[in-house]
Amino acid sequence: MTVLRELALPELLVALPLLAALVSLVQPSRPGLVLALSQGAQVACAVALAATVWTGGPVARAVGGWEPPLGIVLHADGLATAFVLASTMLMLGVGAFAHLSSELARVRGPGPFAFWPLFHLMAAALAVLFLSRDLFNLYVGLELLTISAVGMVALGSVAAATRYLLFALMGSLAYLAGVVLFYAAAGTLDIDFLAASGGEPTVVGIGAALVTAGLLVKTALFPFHAWLPEAHGSAPAPASALLSALVVKASFLILARLWFEILPDAGPDALMQLLGLLGACAVIYGSLLALREDSLKRIVAYSTVAQLGYLFFVFPLAAVGGASEPIEAAGWSGAMIHALSHAFAKSALFLCAGIVVTARGGGTLEHMRGLARALPMTITAFGLAAVSIMGLPPSGGFMAKYLMLTSALAQGKLALALVMLVGGLLAAIYLFRPLNAAMARSDVPEIRPVPRSLELIALGLALVATLLGIFSAAPYEFLQIGRPAITGEAIP
């Protein structure tokens with residue numbers, strides 16, 4: 001493993017997709033080959049990086065040999081590496097689905113020619129956001145991610161893409177203004193140097209507030225969620241899968257680094273409780289809106305609004321040190337496992353929705369009727385993914401919500417615990433509706449042929465979400481590598 005630590009694995013995870021984006025522009029006729037070579041190499045690099053972090057601890061590499069604060073460090077701790085590994089695996093699966101599906105060919109305008117460069121640029125942006133430790137470098141990654149995500153949404157709806165772009169620009173302006181204030185107060189933008197240098201409290205406080213506001217918009221937390229259902233519901237199924245699984249998680253991860261690593265002692269309790277309250281509102285509001293929808297993709301999109309709310313329970317559960325630190329660590333770990341399991345489950349749900357649209361020519365609940373007999377593998381994948389979203393055993397969603405629920409009850413935060421239970425019940429109701437429709441007919445409906453490979457990809461992603469719960473000890477322990485000290489010792 002010593003040899004692996006010397007390899008430029010973090011740099012390759014950024015450089016490979018940038019090269020693939022360029023190649024896909026000059027060789028648009030071979031997207032499958034570019035995907036296989038580029039994304040396959042990225043998965044290999046991510047696996048090697050995970051093995052290195054598992055055996056030897058966090059990996060830090062100064063880009064170009066320039067050390068901070070002048071240079072930029074790519075830092076892979078357990079959290080960053082887990083997200084890198086998940087994102088490379090997801091993008092390989094979703095990319096294969098996009099290549100084998102006929103959905104992109106039905107898109108008006110540039111279609112596949114535009115999708116693949118955007119796809120690879122998104123992979124590069126995600127690697128930057130998960131591995132970087134510099135606030136301005138993170139801003140560049142956020143903008144690259146926004147450009148690629150908005151472009152993908154525009155393939156389905158220009159109106160939805162425009163709304164998304166306007167929200168994203170407001171979030172970017174707030175984030176950049178906050179970064180300027182951080183630099184004015186501390187003279188650096190490196191996360192580790194910022195954590196050590198402090199700075200004038202008022203300026204740092206205003207900067208942190210602006211950065212937080214900008215990231216809340218990009219994460220689509222209630223009440224800044226208005227762009228998400230239209231964007232995720234209108235985009236092609238592979239794009240929707242990436243948007244819901246990965247794009248909104250990147251900004252949340254930066255927000256977690258801000259309050260657990262840069263300013264672990266500066267976050268006022270009122271702000272942490274407010275973030276938790278907004279998360280609770282998201283869980284209930286998104287679930288209720290999902291209940292009234294008839295479109296399968298919009299049900300899944302509003303489910304994303306709700307499930308993102310659980311992530312923000314990490315702030316009231318884990319942002320306060322004290323005697324109960326192991327319990328707070330459980331809240332932190334539960335939120336991060338939820339982000340990972342939700343990524344696989346939600347991507348599977350959107351891919352299943354894409355299969356339904358291809359097979360039946362539409363994506364309403366009426367189009368779902370009887371599909372359990374016509375597309376049993378697709379409905380199995382949908383059901384497995386739904387189990388994780390509901391938070392039922394033995395899924396990764398269950399383990400995540402169990403940890404957060406344990407933390408909430410141990411700290412006497414009964415309101416958060418109640419919201420988790422009610423949110424799980426509402427998720428069961430709105431996801432049971434399409435499952436009930438799929439099993440409603442005794443006859444087999446007529447469908448257009450769907451390649452079995454598409455069903456296998458969706459089933460594979462749903463199985464990963466389940467395996468995260470069955471073999472939860474390994475991902476739990478991996479996340480503890482380099483975990484912020486503010487959350488104390490983990491529960492053994």
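Considering L228, L221, L215, the condition of being buried (at least 24 other Cβ atoms within 10 Å of the Cβ), under 23 Å from the mean Cα position of the chain (by Cα), under 30 Å from A438 (Cβ atoms) and not charged (D, E, K, R) is satisfied by L228 alone.
Yes or no, residue by residue, for (1) surrounded by fewer than 21 Cβ atoms within 10 Å (Cβ to Cβ); (2) in contact with a strand residue (DSSP E or B) (Cβ under 8 Å, 6 or more places away or on another chain); (3) of a type in the set (A, V, I, L, M, F, W, C); (4) farther than 20 Å from A220 by Cβ:
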position: F136; (1), (2), (3), (4): yes, no, yes, yes
position: L145; (1), (2), (3), (4): no, no, yes, no
position: A149; (1), (2), (3), (4): no, no, yes, no
position: G156; (1), (2), (3), (4): no, no, no, no
position: T162; (1), (2), (3), (4): yes, no, no, no
position: S172; (1), (2), (3), (4): yes, no, no, no
position: V180; (1), (2), (3), (4): yes, no, yes, yes
position: Y183; (1), (2), (3), (4): yes, no, no, yes
position: L189; (1), (2), (3), (4): no, yes, yes, yes
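Any idea which residue in segment 348-389 is surrounded by the most Cβ atoms within 10 Å (Cβ to Cβ), counting only those that are of a type in the set (S, T, Y), more than 19 Å from the chain's Cα centre (by Cα) and in a helix (DSSP H, G or I)?
Filtering segment 348-389 for residues that are of a type in the set (S, T, Y), more than 19 Å from the chain's Cα centre (by Cα) and in a helix (DSSP H, G or I), the one surrounded by the most Cβ atoms within 10 Å (Cβ to Cβ) comes out as T378.
Elements of the type helices (runs of 4 or more DSSP H) sitting completely within segment 62-161 and holding at least 1 residues that are without any contact (Cβ under 8 Å) to a residue 40 or more places away in the chain and either of a type in the set (S, T, Y) or on the phi > 0 side of the Ramachandran plot (or both): these cover 135-154.
Taking the conditions exactly as written (in a helix (DSSP H, G or I), surrounded by 17 or more Cβ atoms within 10 Å (Cβ to Cβ) and of a type outside the set (D, E)), does I457 satisfy them or not? When the stated conditions are applied, I457 passes them.
So that you can scan it fast, the table gives a plain yes or no per residue for (1) surrounded by fewer than 24 Cβ atoms within 10 Å (Cβ to Cβ); (2) farther than 14 Å from M404 by Cβ; (3) among the acidic types (D, E):
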site	(1), (2), (3)
V283	no, no, no
I327	yes, no, no
W332	no, no, no
K346	no, yes, no
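Filtered by the rule that a residue be within 16 Å of L296 (Cα to Cα) and under 21 Å from the mean Cα position of the chain (by Cα), segment 420-442 gives A427, L431. Taking P238, is it out of contact with any Lys or Arg (no Cβ under 9 Å at 6 or more places or on another chain), under 30 Å from G354 (Cβ atoms) and surrounded by 20 or more Cβ atoms within 10 Å (Cβ to Cβ)? Spelling it out, P238 is indeed out of contact with any Lys or Arg (no Cβ under 9 Å at 6 or more places or on another chain), under 30 Å from G354 (Cβ atoms) and surrounded by 20 or more Cβ atoms within 10 Å (Cβ to Cβ). I'm trying to understand the selection: among the residues of segment 359-392, which are β-branched (V, I, T) and at pLDDT below 90? Within segment 359-392, just T364 meets the criteria. Annotation: T378 fulfils all but one of (1) in contact with a Cys (Cβ under 6 Å, 6 or more places away or on another chain); (2) free of Cβ contacts under 8 Å to residues at least 12 places away in the same chain; the unmet one is (2).
The values are calculated or read from the model by the stated rules, or taken from the named source; none is laboratory data. Keep in mind that this is a model prediction, so the values were computed, not measured. A quick note on method: Cβ atoms are made from the backbone with ideal geometry, for glycine too, and the neighbour counts reach across all protein chains shown.
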